[in-house]
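Only one structure is covered here, and it is reproduced in the block below.
Where a number appears in this text, it was derived from the coordinates with a stated rule and is not lab data. Worth saying up front: this structure is predicted, and the values here are computed from it rather than measured. Virtual Cβ from ideal backbone geometry, glycine too; neighbours counted across all protein chains shown.
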Amino acid sequence: MSAMPTSGSARVPVAALVDLTAAIFAAAKVPAADARYAAESLITADCEGIGSHGVMLVSMYVDRLLAGSIAPVATISTVHDGGAAIVLDAHHCLGQISAQESVRLLLERGKRHGLASVAVRNGFHFGTAGYWARQIATEGLVAMVMSNTRPLMPPPGGSERIVGNNPLALAVPTASGPALITDMAMSATAMGRVRLAQSAGEAIPDGWAADDTGQPTTDPAAAIKGMLLPAAGPKGFGLAVLIDLLCGGLSGGAIAGEVKPLYGDAAQPYGCAHFFLAIDPRAFGVETTFPARVDQFADTIRSARRAAGTDRLYAPGDLEAARREQNHEACPVPADVLTSLTACATRLGVAAAVIERVTCATP
């Protein structure tokens with residue numbers, strides 16, 4: 001087997017990375033189609049430069065699959081069907097699979113009713129919220145996607161985790177080109193980025209996190225033990241609270257501390273909740289003009305006067321789209337993440353030939 005880089009990152013063929021990740025999930029008893037779908041979702045995050053939501057999560061997913069807190073075979077049930085408002089129980093399957101079903105329902109009901117929403121309880125991590133928002137917008141609908149997490153942030157001035165960093169993604173369709181997307185957590189950064197800094201032996205920037213006494217810290221280990229800080233102080237905190245209530249409240253699922261730690265007891269279900277909303281511009285009589293105006297506004301942003309030293313301006317989602325294009329054949333993956341991924345594959349008995357295609361990656 002070829003030697004992998006021991007530090008830094010390597011550019012890994014996307015097809016090989018998908019095959020390996022799907023094989024790992026399949027070895028953990030996830031049906032082949034679901035395994036590949038989940039793999040593609042995670043690797044898209046790596047291609048977009050969002051490694052905190054990429055294949056670094058695979059080992060944690062597998063630990064939970066083997067411990068029983070993730071159901072390998074999805075049995076998603078409809079708890080309530082109000083036509084334009086649906087509640088699903090994911091029964092702790094992979095979040096990508098319940099999200100896939102949510103998007104399918106949204107597209108169908110959104111085009112039928114003009115607006116549609118799906119709330120999901122007993123869910124699991126679904127990758128980036130923007131991945132799902134983009135799928136909806138690509139079909140011509142406006143999208144809003146959100147999730148709650150276990151408590152990670154204190155209220156401003158507090159020293160206790162009260163609410164999750166609860167991501168929110170919004171996407172709008174364009175007349176040409178990729179959708180405009182904004183995807184953000186309500187904390188100054190994602191916990192996954194703190195974990196990446198810890199694994200790389202790097203400090204984190206000021207303003208990202210506090211230790212367990214509420215004091216700001218640049219030590220990723222102290223941040224993981226402590227808490228993330230809300231983005232924009234009370235603004236980020238307030239949005240996180242409302243997202244928590246929309247996800248957990250409307251689904252009848254978990255809120256705040258009822259969601260368990262993602263990296264906690266692997267046998268204890270995570271139990272997060274999701275909320276999806278789709279709006280069909282046709283319901284407002286602007287099915288033609290709206291996407292064209294989105295394009296016009298995006299071009300206005302891109303062509304705005306630049307500050308000194310700035311080479312290019314980006315409309316929301318442009319940077320991720322550029323990275324997807326740049327990395328569509330091979331994407332960068334940190335060396336320690338590759339090591340963890342191949343160790344996980346070996347542990348589960350994945351074929352050596354499948355692993356070899358990834359370990360031939362170049363720095």
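Here the range 116-131 is scanned for amide nitrogen atoms under 18 Å from the site 7 Å beyond the Cα of SER77 along Cα-to-Cβ, giving 119-124. Spin-label model, ALA343/THR300: points 7 Å from Cα along the beta carbon direction are separated by 5.2 nm.
Taken about its Cα centre, the chain carries a charge dipole of about 280 debye when Lys and Arg each add +1 at the Cβ and Asp and Glu each add -1 at the Cβ. Could you name the lysines in cross-link range of LYS29, using Cα to Cα under 26 Å and dropping any fewer than eight places away on the same chain? Partners found: LYS260. Evaluating 6.51 cos²θ - 1.76 cosθ + 1.60 at θ = phi - 60° for every residue in the range 163-176, the Karplus couplings come out as 9, x, 8, 5, x, 9, 10, 10, 9, 10, x, 10, 6, 8 Hz, glycine and proline recorded as x.
Note on the range 188-229: with charges restricted to the Cβ of Lys and Arg (+1) and Asp and Glu (-1), its dipole about the Cα centre is near 180 debye.
At a threshold of 8 angstrom on Cα-Cα distance, excluding pairs fewer than six apart, so keeping six or more, what relative contact order does the chain reach in percent?
Answer for the chain is 26 percent.
Ranked by the mean number of other Cβ atoms within 10 Å of their residues, highest first, the peptides 15-21, 325-331 come out as 15-21, 325-331.
Within the same chain, aspartates and glutamates fewer than 8 places from LYS225 are excluded, and of the rest, those with a Cα less than 12 Å from its Cα are GLU160, ASP211, ASP212.
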